[in-house]
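Chemist: My questions all concern the structure below.
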Amino acid sequence: MSHDFSVVEALSFGPFLYKPYSIVDVKYEKQDENTLYIKVAEQIEGAGTRAAGRELRTKVMNLLFAKPNYLIYLEWQDVNIIASSFADEFLGEMFVRLGKEKFEALIKISNIIDVVEHIIGKAITERSATG
């Protein structure tokens, strides 16, 4: 056994240096893009609780800190309804923490149905008013 053993050196070949992947790279990141894609339906068992909203907000905020210059696309396909408490805890709180400009610059929403979009908009408006 050597204490000087380097996995990076052992897995590097010629000019090609080994770079370990993280869960972020494998699960969320699109190659050749500075973008992370999160399928909301796969991240939550139900969108009816404040706790589920808090959990998803924590995950997204951690991804923002891990990849600070990346856009995050929240893919809402297969999400037909959410509770206002979930929307408030997830996106309302995130909107307040990040601020309007940063939130709108980094968080992109796709494939969302009108009723879910309305609930999210209302949650953000109410959370912004109360801080």
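Bear in mind these aren't lab numbers, they're just calculated from the coordinates by the rules spelled out. This one's a predicted model, so the numbers in the text were calculated from it and none came from an experiment. Ideal geometry is used to build each Cβ from the backbone, glycine not excepted, and the neighbour counts take in all protein chains shown.
Chemist: Direction-averaged shadow area of the convex hull around the Cα atoms of the range 22-130, nm²?
Modeler: It is 6.4 nm².
Chemist: In a shell of Cβ-Cβ distance under 12 Å around Arg57, excluding Arg57 itself, what net charge do Lys and Arg (+1) and Asp and Glu (-1) give?
Modeler: +1
Chemist: Hey, fewest Cβ within 10 Å first, where do Met61, Met94 land in order?
Modeler: Neighbour counts put them in this order, fewest first: Met61, Met94.
Chemist: What FRET efficiency do you get for Lys30 and Ile113 if R0 is 25 Å and r is their Cβ-Cβ distance, rounded to the nearest 0.05?
Modeler: The pair Lys30/Ile113 has a calculated efficiency of 0.60.
Chemist: Given labels modelled 7 Å from the Cα in the Cβ direction, how far is it in nm from Gln43 to Thr58?
Modeler: Result: 1.4 nm between the two label points.
Chemist: While we're on this one: Which percent, to the nearest 5, of DSSP beta bridges fully inside the range 22-130 are antiparallel?
Modeler: Of those bridges, close to 10 percent are antiparallel.
Chemist: Provide the per-residue ³J(HN,Hα) series for the range 82-89, in order, calculated from phi with Karplus coefficients 6.51, -1.76, 1.60 and θ = phi - 60°, each as a whole number of Hz, with x at glycine and proline positions.
Modeler: Residue by residue, the range 82-89 yields 9, 7, 5, 5, 5, 4, 5, 5 Hz.
Chemist: Can you list residues whose amide H is under 5 Å from Leu36's amide H, if they're 5+ apart or on another chain and H is modeled 1.01 Å from N?
Modeler: For Leu36, the qualifying residues are Leu71, Ile72, Tyr73.
Chemist: Shifting gears a bit: Under 24 Å between alpha carbons, and skipping anything fewer than 8 positions from Lys67 in its own chain: which lysines qualify?
Modeler: Those lysines meeting the cut-off are Lys19, Lys27, Lys30, Lys39, Lys59, Lys100, Lys102, Lys108.
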